[in-house]
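Q: Handing you a structure now.
What follows is calculated from the coordinates using simple rules that are stated; it is not laboratory data. Remember, it's a predicted structure, so these values are computed and weren't measured experimentally. Here the Cβ positions follow ideal geometry from the backbone for every residue, glycine too, while neighbour counts run over all protein chains shown.
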Amino acid sequence: MSFTVLLIEDVADSATLVQRLLSPFGYNVLWARTAEEGIQMAVDNRPNVILLDLGLPDMDGKTLAGYLRTMPDVANIPIVVVTAWPEETARRMVTQYGCDSYLCKPIEAERLLALINRYLPKTKELRYQSP
């Protein structure tokens, strides 16, 4: 079974990092650079989890998360907020935006995998092993 992560992120370096961290574990990582692209990819691919950067060029994260929650085909997909905001602010955003969790930047491999594991079937759980 393939596990798909949709990353909605406008910064190429952040997207490359997430792809490098998750791809070796067999995740299919899709990258959308804009909210519009992210909506289309979510509908077309129905990922298992969405990693959502809040600072996108065409729409703010709150608006995008709210919009995704109204779309029947993708409304139940877990959304993890990815933000450079302080942790307390990130926690509030998760509640206010109807998301499931958050990941603070800079992204740490162990934390990213731990979050992804929350949404995996229990038989597929993976662990990060530092090089």
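Q: Quick check on Val81: is it in contact with a Phe, Trp or Tyr (Cβ under 6 Å, 6 or more places away or on another chain), crowded, with 21+ Cβ neighbours inside 10 Å, within 17 Å of Gln96 (Cβ to Cβ) and among the β-branched types (Val, Ile, Thr)?
A: The answer is yes for Val81.
Q: Which of the residues belonging to the range 57-71 are closer than 18 Å to Pro86 by Cα and of a type outside the set (Gly, Ala, Ser)? Write out each step before concluding.
A: Taking the range 57-71 as the starting set, the residues that turn out to be closer than 18 Å to Pro86 by Cα are 60-62.
Those that are closer than 18 Å to Pro86 by Cα and of a type outside the set (Gly, Ala, Ser): Asp60, Lys62.
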